[in-house]
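Below is one structure, written out as structure tokens, with a few remarks after it.
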Amino acid sequence: MFDNHLVKEFQNKETPFYYYDLALLENTLQAAKKGADKHGFHVHFALKANFNDRVLKSICSVGFGADCVSGNEVLKAVEIGFDASKIVFAGVGKSDKEIIAALENDIFAFNVESIQELGVINELAKAKGKKARIALRINPNVDAQTHHYITTGLEENKFGIKIWELDGCINELKTLNNIELIGIHFHVGSQITDLNVFKSLCIKINEINTWFEERGYYLKVLNVGGGLGVDYHNPDGNSIPDFEAYFNVFDQFLERKNDQEVHFELGRALVAQCGSLISKVLYVKTGLKKNFLILDAGMTELMRPALYQAYHQIERLEIKDSQTEESATANYDIVGPICESTDCFAKEVVLPETSRNDLVAIRTAGAYGEVMASRYNLREEIRYVYSDEILVK
Ligand SMILES: *Cc1c(COP(=O)(O)O)cnc(C)c1O
């Protein structure tokens, strides 16, 4: 991904920074759009994966909607230009202020996560003389087979309404006049690489969909959430997820009644591979048992490894010419400068022998990277560079 020209440009920039390959983003979006359009599916981008302006503008311009998990994300989506009629708002703890902001913007739907929340939205909508469109976020008790920190669809997780609560839910709905039930919503986890998980989800949704039909409810929307994973181990060989196979699973296994719409909320799969964190080696510590590369980026720029032991491929960047010889390699623990022992990107990584001021790229960092940056240790604001800002030779 990084040719000599790019590496030279990087050498002239202040590090660390996120590098966004907008051409790869565009190709990824087109692949997703093609896969979804084939079946008439609707896609909302989960802003929590990345809310960088240029990234959002690209996503907005292919016509996708937005999936928000806070009032500020709703306002951001509107500001970027996402159509309010394509904005959905999920979240287990929506505050009154956030609900009001979403009502004022006439978003497409609230994904409601509890019976109590139904009452609160109803009250706030009533005060505004509005009717809020809602989908019930149902916890289907499907195991996403992913890291337990990013599993959301099990009985023990805090998200959504449990299946045994549905009776109570529809009784409550009958008393609420400022709410219109338009559909059901699910999101079982993230970084799901086994498509069988989505097949299981479809089977569960079919049962629940039928349950509502039997009780006389017409649901226009089946929102199946997001969660499609990416290949962190092979970012160049597998830079665009297999959206076609993913959408085909839903086409094959999800039973749509009449003209039911199918909605998706993809985050990671759309943006992870287009972002890399570029960092400079500050120090090399050679030890008896271990060697350390100490980078100028840390968990304050990319928290995933510290937060859930996530793997990211790390490459040393170098200018190659015809004379470049294969250099000796060494084994490194690659760490950041933050005063925490968990501030470690990777252990026992084999790299060409590396020295102070060399650059490294931490790959597949476009999702849940920049958005999680913090000012801990009073670190500098995060920087970013877009591929189209790099002058073409
Ligand atoms: C995080 C989230 C998503 C996106 O998940 P990805 O794994 O990034 O695709 C979608 N829907 C909801 C409700 C979420 O919380």
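What separates the Cα centres of the stretch 258-297 and the stretch 96-147 is a distance of 32 Å. Each principal axis of the Cα cloud of the stretch 346-393 was evaluated for its coordinate range; sorted largest first, these ranges are 38, 30, 22 Å.
Roughly how many nanometres apart are two label points built 7 Å out from the Cα toward the Cβ at LYS162 and GLU340? Those two pseudo-labels are separated by 3.2 nm. Between 0 and 90 degrees, the angle of helix 195-214 with respect to the longest Cα principal axis of the chain falls at about 10 degrees. Selection among LEU176, PHE247, LEU293 by position relative to the dipole of the chain gives LEU176 as farthest towards the positive end (Cβ unit charges, Cα centre). Label zone of GLU389 (point 7 Å out along Cα→Cβ, amide N under 19 Å): in the stretch 22-47 this covers 22-26. Computed on the Cα trace of the stretch 255-393, the radius of gyration divided by the Kirkwood hydrodynamic radius gives Rg/Rh = 1.09.
The listed residues TRP164, TRP211 rank as TRP164, TRP211 when sorted by accessible area, largest first, using a 1.4 Å probe. Give the carbon-plus-sulfur fraction of the accessible surface of the stretch 294-393 in %, rounded to a whole number; probe 1.4 Å, heavy atoms of protein chains only. Here it works out to 50 percent.
Compared with the direct C-alpha span, the chain from TYR218 to LYS285 gains 17.7 nm at full extension, assuming 0.36 nm per residue. With the Cα gyration tensor of the stretch 128-262 giving a ≥ b ≥ c as the square roots of its eigenvalues, does the rule (a/c under 1.5 for rounded; else a/b larger than b/c for prolate; else oblate) give rounded, prolate or oblate? Prolate is the answer for the stretch 128-262, as a/c is 1.5 or above and a/b outweighs b/c. Convex hull volume of the C-alpha atoms in the stretch 1-48, normalised per residue: 84 Å³.
At an R0 of 30 angstrom, the distance between the Cβ atoms of ALA127 and SER61 translates into a FRET efficiency of 0.25. As a calculated quantity, the FRET efficiency between GLU207 and LYS97 at R0 = 30 Å, using C-beta atoms, amounts to about 0.25. Per-residue accessible area (protein heavy atoms, 1.4 Å probe) orders THR28, THR342 as THR342, THR28, starting from the largest. In this structure, the pairs whose alpha-carbon distance is over 27 Å, taken from LYS38/LYS158; LYS158/LYS347; LYS131/LYS220, are LYS38/LYS158; LYS158/LYS347.
Given Cβ point charges of +1 (Lys, Arg) and -1 (Asp, Glu) and nothing else, what value in debye, to the nearest 20, does the dipole of the stretch 23-271 about its Cα centre take?
Magnitude of the dipole: close to 500 debye.
Rounded to the nearest 500, the helix-only mean residue ellipticity at 222 nm of the chain stands at -8500 deg cm²/dmol, with each DSSP H run of n ≥ 4 adding -39,500 (n - 2.57). Within the chain, DSSP assigns beta bridges of which about 40% are antiparallel (rounded to the nearest 5).
Calculated accessible area for the stretch 23-271 comes out at 41 Å² per residue, all protein chains present (probe 1.4 Å; ligands, DNA, RNA ignored). Give the angle, between 0 and 90 degrees and rounded to the nearest 10, that separates the Cα long axis of helix 115-127 from the longest principal axis of the Cα atoms of the chain. Between the helix axis and the principal axis of the chain, the angle is about 80 degrees. Only protein heavy atoms count here; under a 1.4 Å probe, ASP83 has an accessible surface of about 90 Å². Using a Gaussian network model of the chain whose springs link C-alpha atoms within less than 10 Å, name the residue from GLY366, GLY189, GLY40 with the highest mean-square fluctuation. Largest GNM mean-square fluctuation: GLY40. Using just the C-alpha positions of the stretch 1-145 as equal point scatterers, what log10 of I(q)/I(0) does the Debye formula give at each q in 0.09 1/Å? Scattering profile of the stretch 1-145, log10 relative to I(0): -0.38. Within the straight-line cut-off of under 20 Å between alpha carbons, the aspartates and glutamates reachable from LYS320 are ASP3, GLU9, ASP236, GLU353, ASP358, sequence neighbours fewer than 8 places apart in one chain being disregarded. Helix 22-37 and the long axis of the chain differ in direction by around 30°, with both axes built from C-alpha atoms. The Cα-based radius of gyration of the chain, divided by its Kirkwood radius, gives an Rg/Rh of 1.02. For the set PHE186, PHE159, solvent exposure ranked by accessible area (probe 1.4 Å, protein chains only) runs largest to smallest as PHE159, PHE186. The length gained by stretching the chain between GLN323 and PHE292 to full extension, at 0.36 nm per residue less their Cα-Cα distance, is 8.3 nm. Only loop residues by DSSP count here, and only those with at most 16 other Cβ atoms within 10 Å; note down the chymotrypsin sites (Phe, Trp or Tyr not before Pro) in the stretch 218-303 that meet that. Of the chymotrypsin sites (Phe, Trp or Tyr not before Pro), the ones in loops of the stretch 218-303 whose Cβ has at most 16 other Cβ atoms within 10 Å are TYR218.
The lysines within cross-link reach of LYS76, meaning a Cα-to-Cα straight distance under 21 Å and a gap of 8 or more places when in the same chain, are LYS48, LYS57, LYS86, LYS94, LYS97. Annotation: extensible slack from SER85 through ASN27 equals 18.4 nm (criterion: 0.36 nm per residue apart, minus Cα-Cα distance).
The values are calculated or read from the model by the stated rules, or taken from the named source; none is laboratory data. Just so it is clear, the model here is predicted, and its values are computed rather than measured. All Cβ positions, glycine included, derive from the backbone under ideal geometry; neighbour counts span all protein chains shown. Remember, those area values only see protein heavy atoms, side chains included, never the ligands or the DNA or RNA. Shrake-Rupley method; radii C 1.70, N 1.55, O 1.52, S 1.80 Å.
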